[in-house]
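Worksheet: one structure, shown below.
The values are calculated or read from the model by the stated rules, or taken from the named source; none is laboratory data. Because the structure is a prediction, the values reported are computed rather than measured. So basically every Cβ, Gly included, is an ideal-geometry build from the backbone, and we count neighbours across all protein chains shown.
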Amino acid sequence: MGIFYIYHLPGRKIGCTSNPQRRFMEYRQEGYKGSIEVIQRLNCSVKQAGDVEWLLAKRFGYHPGFHYSKTWAKRIYK
């Protein structure tokens, strides 16, 4: 269980992170200049957070991309 944030980069993607400040700074450093909106705060498992991310990505019309739990696992096991 943990705290996860589902965010929206309008016209680009829906994403999930456990550290929005760090993630948003990364987007800015990559040159993204648009708005970044936290659309949901979740207290759940990493798999549940990824499932919500996918559901919202599909609802907003974006390709769901990698499941957040896979991204999380890569970060943990580096």
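What do you reckon, is VAL38 touching a residue at least 40 places away in the same chain (Cβ under 8 Å), surrounded by 10 or more Cβ atoms within 10 Å (Cβ to Cβ) and not aromatic (Phe, Trp, Tyr)?
Judged against the criteria, VAL38 is not a match.
Could you check segment 1-17 and list, in sequence order, the residues that are over 18 Å from PRO64 (Cα atoms) and out of contact with any Leu (no Cβ under 9 Å at 6 or more places or on another chain)?
MET1
So in segment 31-45, with the set limited to residues that are among the aliphatic types (A, V, I, L, M) and assigned to a strand (DSSP E or B), which one is farthest from LYS13 (Cα to Cα)?
Once the filter is applied, the top-ranked residue is LEU42.
Please find, within segment 49-63, the residue that is modelled with the highest pLDDT out of those that are loosely packed, with under 15 Cβ neighbours inside 10 Å, more than 15 Å from PRO10 (Cβ to Cβ) and of a type outside the set (Lys, Arg).
LEU55
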